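The values are calculated or read from the model by the stated rules, or taken from the named source; none is laboratory data. Note that the structure is a prediction, hence the values are computed from the model and not measured. No Cβ is skipped: glycine too gets one built from the backbone with ideal geometry, and neighbour counts run over all protein chains shown. What goes into the accessible areas is simple: the full protein's heavy atoms, side chains included, and nothing from ligands, DNA or RNA. Shrake-Rupley method; radii C 1.70, N 1.55, O 1.52, S 1.80 Å.
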Amino acid sequence: MTHRFPIRVYYEDTDLAGIVYYANYLKFIERARSEWVREMGIDQVAMKADGFVFAVRRVEADYLAPARFDDELIVETSLAERTGVRLTVKQDVKRGEVLLFSALVTIICMNEAGAVARLPAAIRQSVH
């Protein structure tokens, strides 16, 4: 299942050259992941109250083409791999059919002490 999240490029997202500043793609995909998780019914506030949080462990990113002010983009998010302790998510940013940015993001679950923790069973079952 692929989750689709719309983004519009605002002036504040661009750099001096008028293209999206590279670090802003990470913000775009973070927003999309948050909505993907929410759509699956995972309540991150309740998860935190139970002593667990998600954390990004690794990002492998490819910048393929620039986005510009006022572009309408779509962030596509899908599960690439799931283990007992991590999720690997594929995220693509597109303008129409043109792929602008692609990333593989590895997410772990951490406990209150900051140690890697097994993903709660409800999350392992929800993520698809």
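Assorted remarks:
- Once the C-beta distance of Met1 and Ala61 is scaled by a Förster radius of 30 Å, the resulting FRET efficiency is 0.85 to the nearest 0.05.
- Neighbours of Arg68, meaning other residues whose beta-carbon lies under 15 angstrom from its beta-carbon, give a summed charge of -3 when Lys and Arg score +1 and Asp and Glu score -1.
- Förster-model FRET efficiency, 41 Å R0, Tyr10 and Val53, C-beta, rounded to 0.05: 0.90
- For region 1-55, the dipole from Cβ point charges (+1 on Lys and Arg, -1 on Asp and Glu) about the Cα centre works out to 100 debye, to the nearest 20.
- Phi-based couplings in Hz for region 53-60 (Karplus 6.51, -1.76, 1.60; Gly and Pro marked x): 9, 7, 9, 7, 9, 7, 10, 10
- Rounded FRET efficiency, nearest 0.05, which uses the C-beta distance separating Leu79 from Ala121 and R0 of 22 Å: 0.85
- The residue list Gln91, Tyr21, Val116 was ranked by how far each Cα lies along the charge dipole of the chain toward its positive end, using unit charges on Cβ atoms, and Val116 comes out on top.
- Around Arg118: net Lys/Arg minus Asp/Glu count, Cβ-Cβ under 14 Å: +2
- Those aspartates and glutamates that a straight Cα-Cα span of less than 18 Å connects to Lys48, excepting residues fewer than 8 apart in one chain: Glu30, Glu35, Glu39, Glu112
- The chain, relative contact order in percent, only Cα pairs under 8 angstrom and at least six apart counted: 29
- Of Thr106, Thr88, Thr14, the one that fluctuates the most in a GNM where the chain has Cα springs shorter than 10 Å: Thr14
- With all protein chains in place and a 1.4 Å probe, the accessible surface of region 1-53 carries 55 percent carbon and sulfur.
- Think of the chain as having a plus end and a minus end, set by charges on the Cβ of Lys, Arg, Asp and Glu; of Ser102, Val127, Val75, Val127 sits farthest toward the positive end of this dipole.
- Range in the chain, longest, excluding exposed GluC sites (Glu not before Pro) [loop by DSSP; at most 15 other beta-carbon atoms within 10 Å]: 1-96
- Simple Cβ-charge dipole of region 1-105, Lys/Arg +1 and Asp/Glu -1, about Cα centre, in debye nearest 20: 340
- Between region 22-40 and region 88-128, the alpha-carbon centres lie 9 Å apart.
- Extending 7 Å from Cα along the Cβ direction at Val45 and again at Met110 yields two label points whose distance is 2.2 nm.
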